[in-house]
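Contents: one structure, followed by commentary.
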Amino acid sequence: EDGGCEGKLALKKKFFPEATNKWYTRADLGASYQTKTDEIEYGVEAKKSFELTDDGLLKLDVNGGLHMSAARRRTWTGKVEVSQKIFNFTEDQDLKISVGYDVAGLKPYGQVRENNWTLDTDFRRNWSLKYDL
């Protein structure tokens, strides 16, 4: 190593849906620059949520995106996720359980999140436990 620094600069514009249009989704447009690869990448992403219950605690999220570099290298992303929120699981603690499938990576994933703790898994051999301060 030469002791140099690495960095990433990203600029994004988020477009949020209007309450009157139920078919519109959230969209992001942006560009980023990475010092490690010395290239600029452009991207577009979209996310649509479908509430599966009247209270909005069970929902289906679908999101996807395309990132392209100046060298015309393309990277696709896509996920489908079902999540359930449980408010006051214990006193002053909420719980969110998510199960999904990463379409681009062809792998399932899961997450259990409490106010500060997060358990992530790929249901195969990897898992991680995080604590947010």
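The values are calculated or read from the model by the stated rules, or taken from the named source; none is laboratory data. Just so you know, these numbers come straight off a predicted model, no measurement behind them. Quick note on the areas: whole protein, heavy atoms, side chains included, nothing else; ligands and nucleic acids left out. Shrake-Rupley method; radii C 1.70, N 1.55, O 1.52, S 1.80 Å.
Which percent of the accessible heavy-atom area of the stretch 41-98 goes to carbon and sulfur, probe 1.4 angstrom?
54
So how far, in whole Å, is the C-alpha centre of the stretch 56-133 from the one of the stretch 1-22?
18
With the other protein chains left in place, how much accessible area per residue, in square angstrom, belongs to the chain at a 1.4 angstrom probe?
78
Taking the chain as a Gaussian network, where each spring joins two C-alpha atoms under 10 Å apart, which residue of T53, T77, T25 fluctuates the most?
T53
Please find, in a Gaussian network model of the chain (springs between Cα atoms separated by less than 10 Å), the residue of L106, L119, L60 whose mean-square fluctuation is greatest.
Fluctuation is largest for L106.
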